[in-house]
Amino acid sequence: MKRTVIQMLYDAAQKYSDMPYVSQKLGEGEGKWFDWSFKEVNEESEIFAAALIDRGYKRGDSIALLSEGRYNWIIAEFGVLKAGCASVPLSAKLNEKEIPFRLNHSESQAVIVSEYTLEQAAAMREQLKGNPFFIVLSSDTNKTDELAAKYSLEEGRDFVAYEDFISRGKEVMNDVRKELDRRLEQVDENDTVTISYTSGTTGNPKGIMLTHKNYWVNSHDATKIMNLPIGASSLIILPLDHSFAHTVGIYISLLFGLHMNFIDYRGGGMAPLRNITTNLKETKPYFLLTVPALTGNFMKKMVDGINAKGGLIVKIFESGLKWGIKIKGNGYNKTPLLTRIAGFFPYQLASRLIFPKLRDVFGGNLAFCVGGGALLEIKQQEFYSAIGIPVYQGYGLTEAAPIICANSPKKAKFGSSGVIFGSIECRIMKDETTEASMGEAGEIVIRGGNTMKGYFKNPDATADALKGEWLWTGDLGYKDPDGFLVVTGRAKALLISSDGEKYSPEEIEEAVVNDSDLVNQIMVYNDMKKYTVGLITLNEANVEKMIKDQGIKDVDSLLKAIYDSLYAFKASGKIQDNWIPSTFALIPDAFTEEQGLINSTMKMVRRKVTEMYQGRIDAMYEDTNFFSEENRAAVAPLLPS
């Protein structure tokens, strides 16, 4: 049997046939949810492949997908693969400076777009090599026609609507059947499935080539770790170009017969964010794929909602949460009996009266979440475990297709990234030749069938990452005695002091966030300097609550309270004294994606944050006074007038 994702689709179409595979909300106004079965996706993707062959696309051509997640993204991607081409998944949130490089570098011959990305692609068409053809996934013909007129696009020559493309595929199927069968027969497990571009958080984007075998191995490894019932549903909130959502939402789903519902993107812009709560209640997912920024936002809204009720509700919640965290412990080691007895009543009271209402926010059927993308603070893991919706932290990177390890209902420990997948060999290396001992930190290095083919047209970067069969991840971590991998940060994002000593910024940032609820975002900095500093954006709702609770009336008192909260982590002794930030700069506005400070996977782009706030950083190396005029100006508007 061929180890290809196409074979996985064939098997799923036979095994799960008419069960729903993907669903999307369509229509005017409130709209309606429509389902496409495994069998329908298999059949329609073959028609899509026929239409690609009819237009002259050759085996090995690259075809880009620049769209929000939707049902026909999946059909189109499988169609691209069945035609022997490679898919180039791109974020719909890329800007006009980022798209041309990726399309040109990947040599994309066509771009599959939505009604919301057609304009940005058409507007930069002159910058694109080869004048790529646009396939528009939208059924909104009016909007497509408007944009075609605006950018002088001729239907048939420059673009085609998805429905018309499928109609053409049906018409020519008999004519191209022999060629299509030939290409399907030629598909090899080492063929490139996707060229996925890095987000560029630590440098220029590289095109990661992942093969059929990479996805096949990673998907089958997941079945041994995750406990998912056949047909379990999820709401795909993360973009499909996100490697985690891509592998789970498209490929792992085939093995479990999972039902993937796509967030309602109708209206574009901020519509998806507005629709999350409604879509959760409509689809009632069994599990969710999340990133720390998303679960953090949900947690904040739930706590704010409880605080708004005040009185007895707050007391029951806070007591139940406190004891729930103690009773659940670290998720792995059993909590002492006396602790469980002492907390039984307050925890059970909150579990009956408060926590079910919090779980209803997620549709009332959510069993757990799986988190990826960045380090998940223990504070979040404890909170969600206590209210009955554990968030299982995983770890991976696109170069590994992408999952390397994960916590799961079978085995989990807070603060870790979980158990390493069965087919993966993992070493922790202190340098190129010295392996770290148990519990000792170093660079995470892996070998297995999930590791990438290499970086597209970038042999130097490939040689730097792949040494023989081993992938050097660039991430730091250690193995603990219980078999869990603990990830501590990025090697390339290390803080480097003036004496050459190195330290992970994520460890400091997590310590601050875990002990202060006033922090919204944080970035610590030390570039060969004598001491470390940090940039902070504040959780304004929590600051305002503190002002009210403590009766704070002036800027000096407010800054003193914020200072004490930010440095509360020092009491834990987790961070070495020489790495504790000497001061923080308070930034009035949150780091946003629109500014380019947060990427499409909600990770902070450190170099861009540094560039934007270089002046504030430099000022902290001239004067470490936390009560600076800049910090005073940042918090003054939060005081009642």
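Remarks
- Environment charge of Trp36, counting only residues whose C-beta is closer than 11 Å and scoring Lys/Arg +1, Asp/Glu -1: -3
- Set of lysines with alpha-carbon distance to Lys301 below 17 Å, sequence-local pairs under 8 removed: Lys281, Lys309, Lys357, Lys379, Lys545
- Longest site-free stretch - the chain; sites: GluC sites (Glu not before Pro), DSSP loop, at most 15 other Cβ within 10 Å: 155-431
- Over 40 Å [Cα-Cα, the chain], rounded percent: 31
- C-alpha long axis of helix 555-566 to longest principal axis of the chain, angle in °: 70
- Distance between the C-alpha centres of the stretch 203-281 and the stretch 46-92: 17 Å, rounded to the whole angstrom.
- By the count of other C-beta atoms within 10 Å, a proxy for reagent exposure, Val487, Val609 are ordered fewest to most as Val609, Val487.
- Cα centroid of the stretch 462-491 to Cα centroid of the stretch 562-641, whole Å: 29
- Least to most buried among Ser423, Ser641 (fewest other Cβ within 10 Å first): Ser641, Ser423
- Kirkwood Rh in Å, taken over the stretch 277-492 so that all alpha-carbon pairs contribute: 19.0
- For Glu425, net neighbour charge (Lys/Arg +1, Asp/Glu -1) across residues whose Cβ lies under 10 Å away: +1
- Averaging the Cα positions of each part gives two centres, and for the stretch 97-135 and the stretch 394-408 these lie 30 Å apart.
- Formal net charge of residues neighbouring Arg447 (Cβ-Cβ distance under 12 Å; K, R +1; D, E -1): 0
- Cα-based helix-to-principal-axis angle, 505-515 vs the chain, degrees rounded to 10: 60
- Look at the dipole of the stretch 129-286 built from charges on Cβ: of Phe133, Ala232, Leu255, the Cα furthest out on the positive end belongs to Ala232.
- Equivalent ellipsoid of the stretch 366-430: semi-axes from √(5λ) of the C-alpha gyration tensor, largest first, are 22, 12, 11 Å.
- Note on His259, His220: ascending count of other Cβ atoms within 10 Å places them as His220, His259, the fewest first.
Bear in mind that the values in this text are calculations on the coordinates, not laboratory data. All figures in this text were calculated on a predicted structure; none of them were measured in a lab. Virtual Cβ from ideal backbone geometry, glycine too; neighbours counted across all protein chains shown.
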